[in-house]
Amino acid sequence: MKKILHIISSPNGEKSFSTKLGNAIVEKITAANPGSTVKVHDHTKNPFPHLEEATLAAFYTPAENHTAENKKALKHSDDAIAEIRAADIVVIGAPLWNFSIPSVLKAWIDHIARAGVTFKYDETGAEGLIKGKKVYVAMASGAVYSSGPYQAMDFVSSYLTGLLGFLGMTDLSVFRAEGVAYPGQADAALQKGIDSIAL
Ligand SMILES: Cc1cc2nc3c(=O)[nH]c(=O)nc-3n(C[C@H](O)[C@H](O)[C@H](O)COP(=O)(O)O)c2cc1C
């Protein structure tokens, strides 16, 4: 029995390939782990705001000195981190936009990457503090990035693997619905992504 958090970052609703692939991952997890619960957070409907001056001031104030204003400014970040901590498994729908991730997903990352809370530095380097999670990334892209001429432009999987690993979420798998913009290939691209899902 697992607690699953499914993050959606495509505004394409039921047409979204990253959401369809993410749903297929969730279905496989729940089939393998009966009684699992799923929390869906659609960031296109409930987005996190950009970081503001008050947020950064609160980030860099030690917790024991937090004012009421700091605590208010930290609410979004606290909520985002609590949502991850409550999950055993995080499924992230990641459409590839302009060789990167949609800004709603980046806004979420800016709230969960917090020095002293989700990572810390010591004399030997950095340590991620969100441990024990399994992360699945459901990527969707117009072109193909896992091989071929655009492979060097695959910044999404490398960024999410690097960033989430930095925060301690090192057990991460990427599945892809790729080449959906190639004429007539969208359905097969999605099916190939679904067939590739290995838990
Ligand atoms: C704003 C925008 C930018 C995009 N940029 C790229 C891109 O740089 N490379 C690419 O291969 N596909 C790009 N695409 C195509 C998407 O990756 C593709 O439509 C994918 O299915 C989007 O995910 P979704 O179906 O979950 O919404 C872009 C699509 C949009 C809407």
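The values are calculated or read from the model by the stated rules, or taken from the named source; none is laboratory data. What you are looking at is a predicted structure, and each value in this text was computed from that prediction instead of being measured. Cβ: placed from backbone, ideal geometry, glycine included. Neighbour counts: every protein chain shown. Calculation scope for accessible area: heavy atoms of the full protein, side chains included, ligands and nucleic acids excluded. Shrake-Rupley method; radii C 1.70, N 1.55, O 1.52, S 1.80 Å.
So is L129 modelled with pLDDT of 95 or more and open to solvent by less than 30 Å² (accessible area, probe 1.4 Å) or not?
It is false that L129 is modelled with pLDDT of 95 or more and open to solvent by less than 30 Å² (accessible area, probe 1.4 Å).
Do we have Y121 as open to solvent by 30 Å² or more (accessible area, probe 1.4 Å), at pLDDT below 95 and either of a type outside the set (S, T, N, Q) or under 24 Å from Y60 (Cβ atoms) (or both) here?
When the stated conditions are applied, Y121 passes them.
Do we have L190 as within 16 Å of the ligand (Cβ to nearest atom) and open to solvent by less than 70 Å² (accessible area, probe 1.4 Å) here?
The answer is yes for L190.
Take segment 13-26 and flag every residue that is within 18 Å of the chain's Cα centre (by Cα) and open to solvent by 30 Å² or more (accessible area, probe 1.4 Å). Explain how you work it out, then say what you get.
Initially, segment 13-26 is screened for residues within 18 Å of the chain's Cα centre (by Cα), giving 13, 16-26.
Scanning segment 13-26 gives G13, F17, K20, N23.
What helices (runs of 4 or more DSSP H) lie completely within segment 1-120 and have 2 or more residues being of a type in the set (D, E, K, R)?
Answer list for segment 1-120: 17-32, 68-73, 75-85, 103-112.
Starting from residues that are part of a loop (DSSP other than H, G, I, E, B) and under 19 Å from S196 (Cα atoms), keep the ones in segment 136-159 and report whichever is farthest from the ligand (Cβ to nearest atom).
This residue is S147.
Going by the structure shown, is T61 out of contact with any strand residue (DSSP E or B) (no Cβ under 7 Å at 6 or more places or on another chain), open to solvent by 60 Å² or more (accessible area, probe 1.4 Å) and among the β-branched types (V, I, T)? So that I can check it myself, show each step before the final result.
Numbers: out of contact with any strand residue (DSSP E or B) (no Cβ under 7 Å at 6 or more places or on another chain): yes; open to solvent by 60 Å² or more (accessible area, probe 1.4 Å): no; among the β-branched types (V, I, T): yes.
Judged against the criteria, T61 is not a match.
Which residue is nearest to E14 (Cα to Cα), if the candidates are limited to segment 158-175 and must be in contact with a strand residue (DSSP E or B) (Cβ under 8 Å, 6 or more places away or on another chain) and touching a residue at least 40 places away in the same chain (Cβ under 8 Å)?
Here the answer is F175.
When segment 77-95 is examined, which residues are found to be surrounded by fewer than 18 Cβ atoms within 10 Å (Cβ to Cβ), free of Cβ contacts under 8 Å to residues at least 60 places away in the same chain and not hydrophobic (A, V, I, L, M, F, W, C)?
D78, D79, R85
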